[in-house]
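Peer 1: Questions regarding the structure given below will be posed in turn.
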Amino acid sequence: MNCKNCNKPLLDTQKYCDECGAKVIKNRLTPTVLVHQINEEFISIDNKFLQTFVNLYKNPEDVINRYIDGTRKRYINVLQYFAIGLTLAGIQFYIMQRFFPEQFDFSNIFNQEINESNQSFQEKLNEVLGDGGNFQSFAYIISVPFSAISTWLTYRFTGFKKFNFTEHVVINLYYSGQIIITTSIFYIITSVLGIGLIYSSTIISITTFFYQCYVFKKVTNESSLETFAKIVVSYFVIAIQAVILIVLLVLILVLLKLTNII
């Protein structure tokens, strides 16, 4: 018997191919088999997505360190998991924009009547929100390299050199994917409950910081105090990166203006 996916010879007793990891399918496709497969892939508590999601909260070091060390069949691939997060974020934004548009109305934040400047701000905000799903996904994607650079530099210059830059990217991708999936669900729930976007975003920002501390503590096996201090420093590094990027963009715009390109 050969594997139907990679054609490697298999023993009759094998349930999985030791070459590509695919499950050995011996039974013909029947309604019972199809229902079992759907349950296994999407409903069962043992499927990869739920295993990855649950363990990124319960034992994040098991998911992340296993992937870094080369064990990559038990949990969802890091890029795939991040992509699932982006997909859910897009669905979340569509639902909020379609059914809860009041969440994006910030005109009454300060309990004042909408004057001309506030009206102009809201109109511009609505224009941005028209393509907000793409903007949100772009923001999530661009945040990963910034975060990875900041944690890599922080840990490297404080003497912890176990992980290289690429491995910091993996850590931040898993951490970000988990946050995106969780916050997408959270935003929908808070919208249904009528909780304002400002308040729910504040809650998310605080919990995101502490979850990042938790993940890095588990992955690095350092103390809570060390991890907390390093994550705080990494946020300052992100701020420095943002300032540098803004300065570079301004310089480029000035240069383009001086050369009459724009």
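The values are calculated or read from the model by the stated rules, or taken from the named source; none is laboratory data. All figures in this text were calculated on a predicted structure; none of them were measured in a lab. Ideal geometry is used to build each Cβ from the backbone, glycine not excepted, and the neighbour counts take in all protein chains shown.
Peer 1: Give the number of residues within the stretch 48-102 that are outside any helix (DSSP H, G or I) and touching a residue at least 40 places away in the same chain (Cβ under 8 Å).
Peer 2: Total satisfying the criteria: 3.
Peer 1: Shifting gears a bit: Here is a check on your reading of the model: is Tyr187 part of a helix (DSSP H, G or I) and either at pLDDT below 95 or in contact with a Lys or Arg (Cβ under 9 Å, 6 or more places away or on another chain) (or both)?
Peer 2: Taking the combined requirement at face value, the residue satisfies it.
Peer 1: Okay, next question. Quick check on my filter: what residues within the stretch 177-198 are touching a helix residue (DSSP H, G or I) at 6+ places or on another chain (Cβ under 8 Å) and over 29 Å from Glu61 (Cβ atoms)?
Peer 2: Selection gives Ile188, Thr190, Ser191, Gly196, Leu197.
Peer 1: Looking at the stretch 146-158, is at least one residue in a loop (DSSP other than H, G, I, E, B) and of a type in the set (Lys, Arg)?
Peer 2: Looking through the stretch 146-158, none of the residues is in a loop (DSSP other than H, G, I, E, B) and of a type in the set (Lys, Arg).
Peer 1: Sticking with this structure for a sec: Considering each of Val63, Val35 in turn, give the residue that is over 26 Å from Ser191 (Cα atoms) and at pLDDT 70 or above.
Peer 2: Val63
Peer 1: Is at least one residue of the stretch 99-112 of a type in the set (Phe, Trp, Tyr) and modelled with pLDDT of 80 or more?
Peer 2: Yes, because at least one residue in the stretch 99-112 is of a type in the set (Phe, Trp, Tyr) and modelled with pLDDT of 80 or more.
Peer 1: Look at Lys58 and say whether it is modelled with pLDDT under 85 and out of contact with any Leu (no Cβ under 6 Å at 6 or more places or on another chain).
Peer 2: no
Peer 1: Before we move on, is Ser191 touching a residue at least 60 places away in the same chain (Cβ under 8 Å) and on the phi < 0 side of the Ramachandran plot?
Peer 2: Yes: the conditions hold for Ser191.
Peer 1: Looking at Phe228, Phe210, can you tell me which residue is loosely packed, with under 12 Cβ neighbours inside 10 Å and at pLDDT 95 or above?
Peer 2: None of the others qualify; the one that does is Phe210.
Peer 1: Scan the stretch 174-207 residue by residue and report those that are surrounded by fewer than 16 Cβ atoms within 10 Å (Cβ to Cβ) and β-branched (Val, Ile, Thr).
Peer 2: The answer is Ile185, Ile189, Val192, Ile195, Ile198, Thr202, Ile203, Ile206, Thr207.
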